[in-house]
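What follows is a set of notes on a single structure, which appears directly below.
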Amino acid sequence: MSANETQQPSPTHDSAFLKACRREPVPHTPVWFMRQAGRSLPEYRKVREGVPMLESCMRPELVTEITLQPVRRHNVDAAIYYSDIVVPLKAIGVDLDIKPGVGPVVAHPIRTRADLAQLRDLTPEDVSYVTEAIGLLTRELGATPLIGFAGAPFTLASYLVEGGPSRTYENAKAMMYGDPGLWADLLDRLADITAAFLKVQIEAGASAIQLFDSWVGALAPADYKRSVMPASAKVFEAVAGYGVPRIHFGVGSGELLRLMSEAGADVVGVDWRVPLDEAARRIGPGKALQGNLDPTVLFAPTETVEEKTREVLDAAAGLEGHVFNLGHGVTPSIDPDALTRLAEYVHTQTER
């Protein structure tokens, strides 16, 4: 392939989603939904029947079908790669499983320096099914961008140290406060694994990436800046040279928005607790924002959903770039038609 050919814009370059991420004028506010591919869709439940979660993430044809389902149904402006944040850990041999109704459970939690031996480097060969699936997806998606993603070092560390989901993160925080050297080495190693996983996705054809720091809202700003931000920044820096938009999202992260932005994001995801205009004030100029309708609003009547959506759009009116999303993931029991109507409403209300 010649140098000129490699410089040709990709089919997704002028999509509304990527334009918004780059803070360029858009034909309409782009929409996608976190967890748009998953349990809310009957077609998802049908193809996943009898297939364990982690196994479903390792079957390229199944990943392709599940990723495409919400794009077909909802007419969203971007697809998000169907996977799970613990996939790279499983790929390097960590003994873990996703237990229905519980979440990721780690057989041997990391509590000592010797336990770090579980975390070897991730290679592209470890996740060859990701490369294959993204190749299949990008051919099917055409001009619709595909978002790659990974779990951020803090959230991965919280699972690894706790041994599973936690409400208090007492073991993880005990390590962070009581053995900061071990904690820093754990997060640094996870940053390398996460960056390698994102590089595989980008090189296979992902048009953007999102780093999910789902549980980072458990931290005070000073603790985040000292003990977590360096690892997240390392991830973002590792993929900066690819030129794809980098999105950063955390739950309950209103007090951390500026710091999360400074870690290296081009787009900052905002949960429903902070209005987008206030989030923009906290973050400062030079960033696009993503969000932020409360997912539970979708259980209300359509008129209420439209009213609350209008509030989000009004708060976003002065932003440099806005990608409409929920303030967290789609809940499994939501009526999929509510998401279809929401995407259409945002498109029609913001058509330029």
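The values are calculated or read from the model by the stated rules, or taken from the named source; none is laboratory data. Model, not experiment: these values are computed from the prediction. Here the Cβ positions follow ideal geometry from the backbone for every residue, glycine too, while neighbour counts run over all protein chains shown. Ligands, DNA and RNA are excluded from the accessible area calculation, which covers all protein heavy atoms including side chains. Shrake-Rupley method; radii C 1.70, N 1.55, O 1.52, S 1.80 Å.
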Protein chains only, probe 1.4 Å: how do Met53, Met58, Met176 rank by accessible area, largest first? Met58, Met53, Met176
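What's the ranking of 177-183, 319-325, 338-344 by average number of surrounding C-beta atoms within 10 Å, highest first? Intermediate results must be reported in sequence, preceding the final value.
Numbers: 177-183: 13.7, 319-325: 24.0, 338-344: 18.9.
Order by mean packing, descending: 319-325, 338-344, 177-183.
Using a 1.4 angstrom probe on heavy atoms only, work out the carbon and sulfur share of the accessible area of the chain in %. Could the numbers behind the result be given before it?
Values: 7310 of 14620 Å².
Carbon and sulfur: 50 percent of the exposed surface of the chain.
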Hey, if you put +1 on the Cβ of every Lys and Arg and -1 on every Asp and Glu Cβ in segment 211-352, which of Gly243, Ala233, Val216 ends up farthest toward the positive end of that dipole? Ala233
With a/c under 1.5 counting as rounded, go ahead and sort segment 217-352 into rounded, prolate or oblate using the C-alpha gyration tensor (a ≥ b ≥ c being the square roots of the eigenvalues; past the cut-off, prolate if a/b is larger than b/c, else oblate). prolate
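Within 10 Å, count the other beta carbons around each residue, average over each peptide in 150-160, 76-86, 326-336, and list them highest first. Can you show the working numbers first?
On the way: 150-160: 26.9, 76-86: 23.8, 326-336: 18.1.
Final packing ranking: 150-160, 76-86, 326-336.
Largest first and in whole Å, give the semi-axes of segment 123-274's equivalent ellipsoid, each being the square root of 5 times a Cα gyration tensor eigenvalue.
Numbers: eigenvalues 149, 60, 36 Å².
Semi-axes, largest first: 27, 17, 13 Å.
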What is the sum of charges, Lys and Arg at +1 and Asp and Glu at -1, for the other residues whose Cβ falls under 12 Å from the Cβ of Arg23? 0
With +1 assigned to the C-beta of every Lys and Arg and -1 to the C-beta of every Asp and Glu, and no other charges, what is the dipole magnitude of the chain about the Cα centre in debye, to the nearest 20? 300
Taking the simple approach of a point 7 Å from Cα along Cα-to-Cβ for both Glu61 and Asp188, what is their distance in nm? 4.5
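With +1 on each Lys and Arg Cβ and -1 on each Asp and Glu Cβ, how big is the dipole of segment 189-298 about its Cα centre, in debye rounded to the nearest 20?
Numbers: 11 positive and 12 negative charges, 45 e Å.
Here segment 189-298 has a charge dipole of around 220 debye.
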Inter-label distance for Glu49 and Asp97, nm, one decimal - labels placed 7 Å from Cα along Cα-to-Cβ: 2.3
Per-selection metrics, segment 77-197 (Cα): Rg and Dmax in Å: 15.7, 50
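Could you work out the mean projected area of the convex hull around the alpha carbons of segment 193-232, in square nanometres to one decimal?
Numbers: hull surface 13.2 nm².
Spelled out: convex hull of the Cα atoms, projected over all directions, averaged, 3.3 nm².
Pull out a ≥ b ≥ c, the square roots of the eigenvalues of the alpha-carbon gyration tensor of the chain, then state rounded if a/c is under 1.5, prolate if not and a/b is larger than b/c, and oblate in the remaining case. Could you put the intermediate results ahead of the total?
Numbers: a/c = 1.39, a/b = 1.26, b/c = 1.10.
Because its axes are fairly even, with a/c under 1.5, the chain counts as rounded.
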Any helix of the chain counts here only if DSSP assigns it H throughout, its Cα atoms span 30 Å or more along the axis, and its mean Kyte-Doolittle hydropathy is at least 0.5, and such helices are 180-204
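Would you list Asp294, Asp337 from the most to the least accessible area, probe 1.4 Å?
Asp337, Asp294
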Cut-off 13 Å (backbone N to label point 7 Å along Cα→Cβ of Asp179), residues of segment 89-104: none
Mean accessible area per residue over the chain (1.4 angstrom probe, all protein chains present, square angstrom) is 42
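Applying 1/(1 + (r/R0)^6) with R0 = 45 Å to the Cβ-Cβ distance of Ala222 and Ser333, what FRET efficiency is obtained, to the nearest 0.05? Please report the intermediate quantities before stating the final value.
Numbers: r = 38 Å, r/R0 = 0.84.
Given R0 = 45 Å and the Cβ-Cβ separation, E is 0.75.
In debye, nearest 20, what is the charge dipole magnitude of segment 250-333 about its Cα centre with +1 on Lys and Arg Cβ and -1 on Asp and Glu Cβ, if you could check?
220
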Projecting the Cα atoms of Val127, Ser166, Pro145 onto the charge dipole of segment 105-177, where Lys and Arg contribute +1 and Asp and Glu -1 at Cβ, the residue farthest towards the positive end is Ser166
Looking at the square roots a ≥ b ≥ c of the eigenvalues of the Cα gyration tensor of segment 98-137, which shape do they give, rounded for a/c under 1.5, prolate if a/b is larger than b/c, or oblate? oblate
Fully extended contour minus Cα-Cα distance, from Thr304 to Glu255, at 0.36 nm per residue: 14.8 nm
